[in-house]
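Have a look at the structure below, then the notes.
Just so it is clear, none of the values below were taken in a lab; they were calculated from the coordinates. Model, not experiment: these values are computed from the prediction. Note: ideal-geometry Cβ built from the backbone for every residue, glycine included; neighbour counts use all protein chains shown.
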Amino acid sequence: MKNKTIAILENRAGEQLADLVRKYGGTPFSAPALAEIPDIDPILITNLINDWQINTPEVFIFQTGVGVKALFATTDALGITEQLKQILESSTVIVRGVKPSSALRSYKVRIDATAADPFTTTEVLVELDKYTITGKRVAVQRYGDTNLELQQALEERGALVTEIATYRWSLPADTQPLIDLMDALEAGKVDMVCFTSASQVYNFFAVAEAFGRHQSLQVNLNKSIVASIGPVCTIALNKYSIKVDVEPQPPKLGPFITAINNKFA
């Protein structure tokens, strides 16, 4: 990617991705399309803990380290962390990957199953298939938006699902970088646009729609090279008739950068 301009819509790991682009000689164009908004209600959490002490979920699924930390920060503030830990002790705890595992272990929570690399919903369901969940209560820590694939799969297996909301994804307060990116794409100054989540796709097009630039964005993205982190993101891009030129296997940041660099080799 030497001497190439690479647009990055990532927020949380945006600087890490930008550093990797620079490492390979590229120029990052940062246009964050997501903002994490705290979305945890202390009253709701208190009510959940009280209910769970009587009707304990048989399974807990934790999907993100950020979400686990937000949940425990809230229970710490409310003085009910020990109650939560006791509930988890009597349940099956399944985690999606390394970050939620690390966050739970910092509170000495036992982990019964960890989804395999690359830590997608598919791997979570593989672990779930080892347990009978028909008619069982399953608590799912939400990340950003509801994981519809997981929600549907749990319901099809007959589970009674409760979501634990900890944060949600929203548009960033400053959308000017996204407008600047539309301008740069229009001028042919961007060689590749990198999407690392489906929500980035939806937000980028939402901003374009607000400025009457939906169609031009679609045309200009298809003139550039589009990189997608994985299948869910690719499906979102395909909904807007955007062709995907790069998709790594597995869908992780390291392979993503390697695939991007190889595209320009």
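Observations, loosely collected:
- Dividing the mean sequence gap of close Cα pairs (under 8 Å, 6+ apart) by how many residues the chain holds gives a relative contact order of 21 percent.
- Among the trypsin sites (Lys or Arg not before Pro) in segment 21-126, those placed in a DSSP loop whose Cβ has at most 11 other Cβ atoms within 10 Å are Lys108.
- Counting neighbouring Cβ atoms within 10 Å and putting the fewest first, the residues Leu160, Leu17, Leu171, Leu44 line up as Leu44, Leu160, Leu171, Leu17.
- In terms of other Cβ atoms within 10 Å, Arg12, Arg213 run from fewest to most in the order Arg12, Arg213.
- Global form of segment 37-169, assessed from the alpha-carbon gyration tensor, a/c cut-off 1.5: rounded
- Mean separation of Cα contacts under 8 Å, 6 or more apart, over the residue count of segment 37-169: relative contact order %: 30
- Three-way shape call for the chain based on the alpha-carbon gyration tensor, with the a/c threshold at 1.5: prolate
- Selection of chymotrypsin sites (Phe, Trp or Tyr not before Pro), segment 182-265, meeting DSSP coil and at most 15 other Cβ within 10 Å: Phe211
- Charged side chains reduced to their Cβ positions (Lys and Arg at +1, Asp and Glu at -1) give the chain a dipole of some 660 debye around its Cα centre.
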